[in-house]
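S.K.: Please find one structure pasted underneath; my questions will follow.
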Amino acid sequence: MNILVIGGGGREHAMAWKLAQSPKAQKVFVAPGNAGTALDKRLENIDITDVQQLRVWAIDNKIALTVVGPEVPLAAGVVDEFRKHGLRVFGPTQAAAQLESSKAFSKAFMQRHGIPTAEYETFVDPVAAHAYIEQKGAPIVVKADGLAAGKGVVVALTLAEAHAAVDFMLADSTPGLKHNAGADGQAVPRVVIEEFLVGEEASFIVMVDGKNVLALATSQDHKRLLDGDQGPNTGGMGAYSPAPVVTPDVHARTMREIILPTIRGMEKDGIPYTGFLYAGLMINAEGHPKTLEFNCRMGDPETQPILLRLKSDLVDVMLAATEPGPHGKLDQIELQWDRRTALGVVLAAQGYPLQPRKGDVITGLPKEDEDAVVFHAGTKLQGDDVVTAGGRVLCVTVLADNVRQAQTRAYEVALGIHFDGMQYRKDIGHRAVKGAVA
């Protein structure tokens, strides 16, 4: 069958790579893809991003299954458009994707349905927002309401940082932020300000078919730019799976208190949920999780280590999830996982996350082997060269018997790759082991 993956980042490269391994996959197309998907003979890039044009192309090319990777096409209603024309597609509808595309919607939903999360207030008025910060004090968290490519969250450790974040996010011209519409339909800058939660973060990702929920392997990513979880927040500088912090008890509690109430709550609100659902968790010292955020997609870079561990045929899983009818058949799927640890290290461009430089030539890319894959994210082909084309450029992803061995192997591979200004953390996985890799 012909399969389409929508997106062009590291997550989509990993999805297309895994889908292409299935004997059921005749051809896997990636729209728009990147240099990594262009160089893989099993994959073919399609230079289309417009939702309607993609739908026409999918019909013309007899696409039997479409998997949507990033948040922007989901928020633009690509699933609604494809379904309207009888195309089989995995992802949430535009209405359901509000769980990610609007922090205000998400927090109000959690409050309404009793899902554990941080105390919060939503503001459009800077004066009121500043007054709330003064009342609550620091540390405090300031979030842009709309999509912000993983960078619309400021964990303000001081009042000055919090006030600056409000001024930045409530400005109409803030670059990179997509404001949601107000009551009059006009785009309105809006912020969510919430309490600072203490604990350890983890990524809890499930697949949903409208009713049934299938949990993926646990993972943990590293949001901060610098070693020791210092520096600005990014879209993610690396990840590993499994995550020891998600104990069996935490897993059961997360399913019972967060995931299942979310799926039932969406159904109750008349917005049945299908697709990947990512709950960013903060787990306190007692093992009680709270929801930091929802994403309506797999995480990036969590997808890369998770799919490297997945032994099941991903096409079979997707077909079960998109079975025609009121809901799919994910209850009939049992996923098989490699027992080993997978770990991914992001190699980022100079200037990331604020002003990433593009156009630097990448050298030393290794050949893929079964235990080490370099997934491309912000790359493109320029003649015969692979060059940087985004902030997070590559994700060096490996399998090994434990976290320490995975760290060693990943950094060995990373040392062989070069582009000017390349930056990466040297301690990915540090929470799972004592000490870091030098």
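S.K.: Looking at segment 91-109, I want the residues that are without any contact (Cβ under 8 Å) to a residue 24 or more places away in the chain and have a partner that is open to solvent by less than 20 Å² (accessible area, probe 1.4 Å) with Cβ atoms under 6 Å, at least 6 apart or on another chain. Which pairs are those?
M.R.: Hits for this filter: Gln94/Gly77.
S.K.: Still on this structure, please answer the following. Test each condition in (1) among the hydrophobic types (A, V, I, L, M, F, W, C); (2) at pLDDT 95 or above; (3) not in a helix (DSSP H, G or I) for Val154 and report the one that comes out false.
M.R.: Every listed condition holds for Val154 apart from (2).
S.K.: Which one of Val141, Val124 is touching a strand residue (DSSP E or B) at 6+ places or on another chain (Cβ under 7 Å) and buried (at least 16 other Cβ atoms within 10 Å of the Cβ)?
M.R.: Selected residue: Val141, the only one of Val141, Val124 that is touching a strand residue (DSSP E or B) at 6+ places or on another chain (Cβ under 7 Å) and buried (at least 16 other Cβ atoms within 10 Å of the Cβ).
S.K.: Continuing with the same structure: So which of Ser219, Ser312 ends up being in contact with a Pro (Cβ under 9 Å, 6 or more places away or on another chain) and either more than 21 Å from Pro353 (Cα to Cα) or not β-branched (Val, Ile, Thr) (or both)?
M.R.: Of the residues listed, the single one that is in contact with a Pro (Cβ under 9 Å, 6 or more places away or on another chain) and either more than 21 Å from Pro353 (Cα to Cα) or not β-branched (Val, Ile, Thr) (or both) is Ser219.
S.K.: Ok, one more. Scan segment 331-344 residue by residue and report those that are part of a loop (DSSP other than H, G, I, E, B) and open to solvent by 60 Å² or more (accessible area, probe 1.4 Å).
M.R.: Passing the criteria: Glu334, Gln336, Arg339.
S.K.: Here's something else I'd like to know. Can you find a residue that is aromatic (Phe, Trp, Tyr) and either open to solvent by 30 Å² or more (accessible area, probe 1.4 Å) or closer than 15 Å to Phe90 by Cβ (or both) anywhere in segment 277-300?
M.R.: Within segment 277-300 (the criterion being aromatic (Phe, Trp, Tyr) and either open to solvent by 30 Å² or more (accessible area, probe 1.4 Å) or closer than 15 Å to Phe90 by Cβ (or both)), the answer is yes, since at least one residue qualifies.
S.K.: Return the total of residues in segment 228-247 being in a loop (DSSP other than H, G, I, E, B) and either buried (at least 18 other Cβ atoms within 10 Å of the Cβ) or hydroxyl-bearing (Ser, Thr, Tyr) (or both). Let's see the steps before the verdict.
M.R.: Of the residues in segment 228-247, the ones in a loop (DSSP other than H, G, I, E, B) are 228-229, 234-237, 242-247.
Among the residues that remain, those that are also either buried (at least 18 other Cβ atoms within 10 Å of the Cβ) or hydroxyl-bearing (Ser, Thr, Tyr) (or both) are: 234-237, 242-243, 245-247.
Final tally of qualifying residues: 9.
S.K.: Shifting gears a bit: Since Ala217 meets every condition but one in (1) modelled with pLDDT of 95 or more; (2) open to solvent by 30 Å² or more (accessible area, probe 1.4 Å), which condition does it not meet?
M.R.: The number of the failed condition is (2).
S.K.: List the number of the failed condition for Asp227; all other conditions in (1) under 24 Å from Val127 (Cβ atoms); (2) modelled with pLDDT of 95 or more; (3) charged (D, E, K, R) hold.
M.R.: Every listed condition holds for Asp227 apart from (1).
The rows are residues; the columns are (1) touching a helix residue (DSSP H, G or I) at 6+ places or on another chain (Cβ under 7 Å); (2) open to solvent by 20 Å² or more (accessible area, probe 1.4 Å); (3) more than 21 Å from Asp316 (Cβ to Cβ); (4) assigned to a helix (DSSP H, G or I).
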{"residue": "Ile6", "(1), (2), (3), (4)": "yes, no, no, no"}
{"residue": "Ala16", "(1), (2), (3), (4)": "yes, no, no, yes"}
{"residue": "Ser22", "(1), (2), (3), (4)": "yes, no, no, no"}
{"residue": "Val30", "(1), (2), (3), (4)": "yes, no, no, no"}
{"residue": "Val56", "(1), (2), (3), (4)": "no, yes, yes, yes"}
{"residue": "Val67", "(1), (2), (3), (4)": "yes, no, no, no"}
{"residue": "Phe82", "(1), (2), (3), (4)": "yes, no, no, yes"}
{"residue": "Leu99", "(1), (2), (3), (4)": "yes, no, yes, yes"}
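S.K.: Considering each of Ala76, Ala38, Ala58, Ala97 in turn, give the residue that is of a type in the set (Gly, Ala, Ser), more than 21 Å from the chain's Cα centre (by Cα) and more than 27 Å from Val345 (Cα to Cα).
M.R.: Sole residue among the options that is of a type in the set (Gly, Ala, Ser), more than 21 Å from the chain's Cα centre (by Cα) and more than 27 Å from Val345 (Cα to Cα): Ala58.
S.K.: Here's something else I'd like to know. Among Gly390, Gly378, Gly364, Gly328, which is open to solvent by 40 Å² or more (accessible area, probe 1.4 Å) and among the small types (Gly, Ala, Ser)? Before the answer, list the steps.
M.R.: Working: Gly390 fails: open to solvent by 40 Å² or more (accessible area, probe 1.4 Å); Gly378 fails: open to solvent by 40 Å² or more (accessible area, probe 1.4 Å); Gly328 fails: open to solvent by 40 Å² or more (accessible area, probe 1.4 Å).
Every option except Gly364 fails the conditions.
The values are calculated or read from the model by the stated rules, or taken from the named source; none is laboratory data. None of the values given here were measured: they were computed from a predicted structure. Glycine gets a Cβ as well: all are built from the backbone with ideal geometry, and neighbour counts include every protein chain shown. Ligands, DNA and RNA are excluded from the accessible area calculation, which covers all protein heavy atoms including side chains. Shrake-Rupley method; radii C 1.70, N 1.55, O 1.52, S 1.80 Å.
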